[in-house]
């Protein structure tokens, strides 16, 4: 495949020499004399492997061209070499700051021009190839991480024979609430992971207590109430993602300060934990439990209305209520 070069130089003689050298070497090119001609070339979406630009142009400062070119994402990774007759270090420094990969001084030898053009293209291809390989490996690691977390969440959910997929549903609801609240995609991904692991502390609770069909004794309820603290203790060791422990520890806090384990109130409760609290309670009401079946959608909505401002942050309760109102067929619930 031929290398494709865009050359911009207002000096006709210089342009002819460059053209002769590149075409003799089997390269394809566009040979232009101004910013206007280059602009039209870019609009055509011509895809070069390299821009070879003169520093001194009559209609524009050549040092500005890399920024103008790379304002189009299609050309963001295409390297630039400057042609210049200047000998001062100041011009070279300014060119490197502007984004040039190299300089070729005029008058130039054909061998030097070819060597630098080829080296720059080969290095850029190598760099882009490595970047793509890193991107693919990073995506694979991210998928593996999510799968491992999901598997751990599923193992916790499996302790409760009355609910299936609780953690994954809480994670999905939390992500949607965060999205509607204006969170970035990265932040949405984070709260999804927090939702998946919000109940990880239940891994230490006896199955007999979790699955007890009758009302829990005060002692048993006290044991259940330890799971936020246990979960936070487990997750705090993941130092690269300390936010995971936030959802685990504080998803049972109440907006009015009557929750557990720390009795936090209002804005003292981390916002992500306030989101997960709404999602968690919603899923509890829309799932089978040992003591009842799935609640009617109208009753779930009424409970959220009743508890907004007391149990739940009103902002996130209102978002959940709007999600309920959009769910005309009551699909947001445990599959039964």
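FYI, it's all coordinate maths here, none of it is from the lab. Here the structure is a predicted model, which is why all the values come from computation and not from measurement. Because the Cβ atoms are built from the backbone with ideal geometry, glycine has one as well, and the counts that use them run over all protein chains shown.
How would 301, 169 line up from fewest to most surrounding beta-carbon atoms within 10 angstrom?
301, 169
Please work out the C-alpha center-to-center distance from the range 85-130 to the range 182-247 and express it in whole Å.
56
Given the options 12, 55, 300, state which has the largest fluctuation in a GNM of the chain using a 10 Å cut-off (strictly under) for Cα springs.
Top of the fluctuation ranking is 12.
Principal axis lengths of the range 233-336 from Cα atoms, whole Å, largest first?
41, 28, 26
Among rounded, prolate and oblate, which fits the range 224-274 when a ≥ b ≥ c are the square roots of the eigenvalues of its C-alpha gyration tensor, a/c under 1.5 means rounded, and a/b larger than b/c means prolate?
Working: a/c = 3.19, a/b = 1.49, b/c = 2.14.
Verdict is oblate for the range 224-274.
One quarter of the convex hull surface, Cα atoms only: what value does that give for the range 271-331 in nm²?
Averaged projected area of the range 271-331's Cα convex hull equals 4.2 nm².
Under the Kirkwood approximation for Rh and a Cα-based Rg, what ratio Rg/Rh is obtained for the range 158-326?
On the Cα set of the range 158-326, Rg over Rh gives 0.94.
By how many degrees, between 0 and 90 and to the nearest 10, does the Cα long axis of helix 185-196 differ from the longest principal axis of the chain?
The answer is roughly 30 degrees.
Starting from 0.36 nm per residue, how many nanometres of slack lie between residue 111 and residue 43 once their C-alpha separation is accounted for?
Fully extending the segment from residue 111 to residue 43 adds 21.3 nm.
Ranked by Cβ crowding within 10 angstrom, fewest neighbours first, how are 283, 313, 189 ordered?
Details: 283 24, 313 21, 189 15.
Least to most surrounded, the residues fall as 189, 313, 283.
Counting each DSSP H run of 4 or more residues in the chain as -39500 (n - 2.57), what helix-only mean residue ellipticity at 222 nm follows after dividing by all residues, to the nearest 500 deg cm²/dmol?
Counting only the DSSP helices, I get -17000 deg cm²/dmol.
Quick one: among 286, 84, 93, which has the greatest mean-square fluctuation in a GNM of the chain with alpha-carbon springs under 10 angstrom?
Result: 93 has the largest fluctuation of those listed.
Taking R0 as 41 Å, what's the FRET efficiency between residue 136 and residue 12 from their Cβ-Cβ distance, rounded to 0.05?
Working from the Cβ atoms, E equals 0.35.
Averaging sequence separations of C-alpha pairs under 8 Å and six or more residues apart, then dividing by the length of the range 36-186, give the relative contact order as a whole percent.
Over the range 36-186, the number comes to 15 percent.
Along its three principal axes, how long is the range 4-132 when you only count alpha carbons? Whole Å, largest extent first please.
Dimensions of the range 4-132 along the principal axes of its Cα atoms: 38, 31, 29 Å.
For residue 237 and residue 154, FRET efficiency with R0 = 22 Å and r from the beta-carbon atoms, rounded to 0.05?
E between residue 154 and residue 237, to the nearest 0.05, is 0.60.
Rank 280, 157, 54 by mean-square fluctuation in a GNM of the chain with C-alpha springs under 10 angstrom and give only the top-ranked residue.
Evaluated over the chain, the most mobile residue of the options is 54.
When ranked by the protection proxy of mean other Cβ atoms within 10 Å per residue, highest first, what sequence do the peptides 210-217, 2-9 form?
Ranked by mean Cβ neighbours within 10 Å, highest first: 2-9, 210-217.
For each of 250, 35, count neighbouring Cβ atoms within 10 Å of the residue's Cβ, then give the residues from fewest to most.
Result, fewest neighbours first: 35, 250.
Using alpha carbons only, how many degrees (0 to 90, rounded to 10) separate the axis of helix 314-326 from the longest principal axis of the chain?
90
What does the extension gain come out to for residue 271 and residue 330, with contour length at 0.36 nm per residue minus their alpha carbon separation?
18.5 nm
So what is the relative contact order for the chain, in percent, with contacts set as C-alpha pairs under 8 Å and at least six apart?
10 percent.
Against the longest alpha carbon principal axis of the chain, how many degrees, from 0 to 90 and to the nearest 10, is the axis of helix 166-180 turned?
Roughly 50 degrees, rounded to the nearest 10.
Counting C-alpha atoms alone, how compact is the range 154-233: give Rg to one decimal and Dmax as a whole number, in angstrom.
Using the Cα atoms of the range 154-233, the pair Rg, Dmax is 14.4, 43 Å.
Could you work out the percent of alpha carbon pairs in the chain separated by over 39 Å, rounded to a whole number?
45
Grab the Cα-Cα distance for residue 70 and residue 24, subtract it from 0.36 nm times how many residues apart they are, and report the gain in nm with one decimal.
13.7 nm
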